[in-house]
Amino acid sequence: MRRLYSFPLRHLFVWPPGALLVLVCAVLALVFYRAGTASVDLATKDLHSEISARTRDAVDRHIDSAVRLNSIQRGQLSAGVVALEDPEALLRFFSSSLEAYNEASAAFFGTRDGEFYGARRTAGGEIEVMRSDPERPTRVNYYRTDERGAADRLAEQDEDFEPRVRPWYTGATERREVSFTPVYADFAAEDLAITASLPVYDHDERLAGVLGVDLLLGRLNQLLQAARAEHLMTLYIVDRESGYMVANCELIDNFRTTVADTSARLYPTQTQHDLIRSSWQHLRLAERRAGNQSVVEPSWSEGYLIGAVPYRNRNIDWQIVVALDGAPFLARIRTAAALTVAIVAAVLVIAVVAGLYAARRVLAPVESLANAAERITSGNWDVRVEPPGTNELGVLAEAFNTMAGRIHDSVENLEQNVRDRTKELERSNRAKDTLFSIIGHDLRSPISGINQVTEILLQKPSSLDADQRREMIGAIRDSSSSVLNLLEDLLLWARSQRGHIAYDPQPLQLKDLVTQALEPFSGDATEKEITIENDVDPYCMICADHFMITTVIRNLVSNAMKYTARGGRVGVACARTGERSEVCVTDTGIGMNGETLEQIFDLGTKSTQPGTEGETGSGFGLALVHEFLEHHGTELCVESSPGQGSRFSFWLASADSGSDIGCAPTCPTA
């Protein structure tokens, strides 16, 4: 036997699959690694987004607590619950407000006349009330309170305090709504603070004064510490306008007091925390690349996923920075990669052993199949192989035997197929010859008649009386009409054969369509004394192509009139059955025998015959009907007997059925 390979076949069972397996495992390992990395990236970014949103909500709740307190106080002042003219009531009011709102460190009110009333919380947690000195308005006195929250004894004085020039007062009057001051250092509390202020207007819409609530921002440090998950990240807040630190989760200082007893705010790069410094430098570079946007999409830097989201509340413009440690997530990827490498090595060893075993089991049956195939190629069609079992090789042997049998049958049946194809070509040639015969005979005869009549009219015009000339002109008209009808049928048939007639089904009212189709036959029907009846139900709706079905009905009615004698009847009717509508054309004409019925659709047979009064036809009418009905998924059913008339029917989908109906399996009788 001719050898088709240059080295032992068993090697083909072992090394190529082994190499392919290694390649596949390597590709899968790479894909899994990248997918794992992408999953880690997605998971960490989701966690990053969750922590950012949670932090923003916590900061929002803390900041809005001051806004809520201001709103409550303004409502009570506007409603007259507390009179602005009663200083003692005002002091008790602000003292009770601080007792109810632990978030606030001070609550106060500055009038448009420069008076000042309020309460503050000391470093020890005690509440003191404060008011302008009646004798010196620029002095503010701080009093300890009794059990009713009223001023008791003087604790401290501020000699130079004008509320109307303070940032919290001017900011609220300019904005005419809630306003926040810039972050400042509260030396008494040794913390950063911010003041939320709200203007108060009297009934005449004049400014009565400004309410203020101080918030210590040290609480934000605790909120950030609670927001981070398992200490895998660092969170801090930066004022975007100044660039100073506002709060952080590491509980390190956000400002420091100088030797001159003044505050020095700190930038993130001035803190003692390495990650805060490096992450801020990374964010500044990312912001410059992104066009100094407040939202910085998370990106990796030195194993940390770093990103920033804005925090805006009225005129507050801060930035919350989250630096997420990705080391715990990446460690899982490395462990999975090492496990994948070990699995690949083990699978490779198993594959080599399995390949050697499979080679020994497969080679013998394959050799047998190869020998049998070579004998078949030499012309021995009766060769078969013995299946080695019921496994895949046995199935292969059975398939080989089946294939050999089919090849044998195909060779034997080839000549029969050639004969059948030859008959089909002969039938097509007969149809072509008939077409040429129709064109040659049916066109030549009427044109020849026209020529002869015109010769007589030209040569002997004076010898003919008026009736003879009228008769000859009528003959010319009839012959030209016959030629015109034949040409129209030829052109329509040719367009149909080339596919130039588009199929466009639409909902149609069959009654109106039949009425239009019957209009051209009114004169001929009167002349031949034939009754044409449109018995279609006015409510019969079909889904069909208007042009095609009109042509079908006209051809069927034309044939019915041609083969119906004087005094006969031609009718068009429709009957709906379920989701289908049957359209039928009946006549009381001469009918057809079985042989004629078999030939009426065959262009290869010239089966047309003159009508009851010598009418002629092209032979294309029913061929067009057959083709147009095929577009609608149906066909023409014919019932006829000699002397009993004919019934032509077809089925169409009803317009409201939503179905696609083909031809009925049988032709129901009338």
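Taking 0.36 nm per intervening residue step and subtracting the Cα-Cα distance, what contour gain separates D465 from R144 on full extension? Working shown, then result.
Working: separation 321, 0.36 × 321 = 115.56 nm, distance 14.39 nm.
Extra length from D465 to R144 when fully extended: 101.2 nm.
Tell me the carbon and sulfur percent of the accessible area for the stretch 554-594, rounded to whole percent, probe radius 1.4 Å. Mind showing how you got there, number by number?
Working: 770 of 1550 Å².
It is 49 percent, rounded to a whole number.
Separation of the stretch 200-248 and the stretch 520-545 by C-alpha centroid, Å?
The stretch 200-248 and the stretch 520-545 have Cα centres separated by 89 Å.
In square angstrom, rounded to the nearest 10, how much accessible surface does H62 have for a 1.4 Å probe?
Number for this one is 10 Å².
How many times 2.2 N^0.38 Å is the alpha carbon radius of gyration of the stretch 100-189?
On the way: Rg = 13.6 Å, N = 90, 2.2 N^0.38 = 12.2 Å.
Against the compact-globule rule of thumb, the ratio is 1.12.
Full-extension gain between T526 and A35, please, as 0.36 nm times their residue separation minus the C-alpha to C-alpha distance.
Values: separation 491, 0.36 × 491 = 176.76 nm, distance 8.54 nm.
In short, 168.2 nm is gained.
Computed FRET efficiency, Cβ-Cβ of S299 and S242, R0 30 Å: what is it to the nearest 0.05? It would help to have the intermediate numbers written out before the result.
Values: r = 25 Å, r/R0 = 0.83.
The value I calculate is 0.75.
The values are calculated or read from the model by the stated rules, or taken from the named source; none is laboratory data. All values reported here derive from a predicted model rather than from experimental measurement. Methodologically, a virtual Cβ is constructed for each residue, glycine included, from the backbone with ideal geometry; neighbour enumeration extends over all protein chains shown. Accessible surface areas use protein heavy atoms only, side chains included; no ligands, DNA or RNA. Shrake-Rupley method; radii C 1.70, N 1.55, O 1.52, S 1.80 Å.
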